[in-house]
1. Could you tell me which residue of segment 132-172 is farthest from GLY192 (Cα to Cα), considering only residues that are of a type in the set (A, V, I, L, M, F, W, C) and over 21 Å from the mean Cα position of the chain (by Cα)?
2. GLY142 fails exactly one of the following numbered conditions: (1) within 21 Å of LEU28 (Cβ to Cβ); (2) at pLDDT below 80. What is the number of that condition?
3. For residues in segment 207-228 being polar (S, T, N, Q) and modelled with pLDDT of 80 or more, which is farthest from PRO16 (Cα to Cα)?
4. Just wondering, is there one or more residues in segment 195-206 that are in contact with a helix residue (DSSP H, G or I) (Cβ under 9 Å, 6 or more places away or on another chain), at pLDDT 75 or above and closer than 22 Å to PRO16 by Cβ?
5. Any idea which residue in segment 31-52 is farthest from the chain's Cα centre (by Cα), counting only those that are of a type in the set (Val, Ile, Thr) and surrounded by 11 or more Cβ atoms within 10 Å (Cβ to Cβ)?
6. Within segment 190-210, take every residue that is assigned to a helix (DSSP H, G or I), in contact (Cβ under 8 Å) with a residue 40 or more places away in the chain and of a type in the set (A, V, I, L, M) and give me the one that is farthest from TYR116 (Cα to Cα).
Amino acid sequence: GTRPVIMAFIIDSSRPDDMKMYGAFFGLCVVVGQAIGPSIGGALSEVTLSFPFYFVGVLGAILVLLLLFFLTESLKKDENGMPIRKSGGPQVVMAKNKLLWPTVACMAIAAFAGQYIQINWTTVFGLLGSEQYQLTPGQNGGILSIEVLATIAVNIFYVPMARLAEPPLLASLGLFISCLIVVVPFINNLVGVLFLGMAITGGTVCYFAGMAYFSASISLPKRRGLVNSFIMGSANCGEHSDTAAGVVLDSVNSRRNFWPICRW
């Protein structure tokens, strides 16, 4: 629920060129949090099982206080009461985008597909690793942790890559690379599957790292929250629908999971 708001705040508080860096940094923080969160929770649970919950509660309370004292509205109003961005430089009036909602729909579908690929790959690889490669849960987790490194690397090098190619082109290439998942059923080599998994997760990051930049490019300031919410809501739908679909398909054949993933 906070992601659309954070993205809107980034859009309002920075120049479009800077959003490439802030979007990548935002994605990096999310990935690192997802990577180290389970480790921290597991370590804290060694004290008592309830301690991680108390820790998160106290951390959340501190965060609320910090936001209460330091967070300000990211938009100011002009003489007509319309919200405008506070970023430096002269304000540029954006023309009404006639293709706004068709563009948002395409971005939402891409976000759904990207999140579906990311989460379902994690689910399917765990099943494939135990069935085809006889990996233990610890080995499965170790390989998935290695694949997280690719996601972190793409976020770190996203800004230099955005200087060589425009963010929309990077996003398209990233989602195209994620289609390599279609060859996984034909590979019987664990190392090959590992590198393919790194390419798949890294490819989807090329899209999500540029989402703030895309939203700012197509929407007016007063609609940036609604646009971000619609796109991130679609991504969340992809995140939650993949697990159910993966379990149903795995009851038939674990390899069949890869076909709907690639189709998306």
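The values are calculated or read from the model by the stated rules, or taken from the named source; none is laboratory data. Bear in mind the structure is a predicted one, so any value in this text is a computation, not a measurement. Glycine gets a Cβ as well: all are built from the backbone with ideal geometry, and neighbour counts include every protein chain shown.
1. Within segment 132-172, the match that is farthest from GLY192 (Cα to Cα) is LEU164.
2. The number of the failed condition is (1).
3. Residue satisfying both the conditions and the ranking: ASN228.
4. For segment 195-206, residues in contact with a helix residue (DSSP H, G or I) (Cβ under 9 Å, 6 or more places away or on another chain), at pLDDT 75 or above and closer than 22 Å to PRO16 by Cβ: present.
5. Only one residue fits best here, namely VAL47.
6. LEU190
Here's the yes/no breakdown for (1) of a type in the set (A, V, I, L, M); (2) surrounded by 15 or more Cβ atoms within 10 Å (Cβ to Cβ); (3) without any contact (Cβ under 8 Å) to a residue 12 or more places away in the chain:
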{"site": "LYS98", "(1), (2), (3)": "no, no, yes"}
{"site": "ILE109", "(1), (2), (3)": "yes, no, no"}
{"site": "LEU128", "(1), (2), (3)": "yes, yes, no"}
{"site": "GLU131", "(1), (2), (3)": "no, no, no"}
{"site": "GLY141", "(1), (2), (3)": "no, no, yes"}
{"site": "VAL154", "(1), (2), (3)": "yes, yes, no"}
{"site": "ARG163", "(1), (2), (3)": "no, no, yes"}
{"site": "PHE176", "(1), (2), (3)": "no, no, no"}
{"site": "ASN188", "(1), (2), (3)": "no, no, no"}
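So that you can scan it fast, the table gives a plain yes or no per residue for (1) modelled with pLDDT of 75 or more; (2) in contact with a helix residue (DSSP H, G or I) (Cβ under 8 Å, 6 or more places away or on another chain):
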{"site": "GLY27", "(1), (2)": "yes, yes"}
{"site": "LEU67", "(1), (2)": "yes, no"}
{"site": "ALA95", "(1), (2)": "no, no"}
{"site": "LYS98", "(1), (2)": "yes, no"}
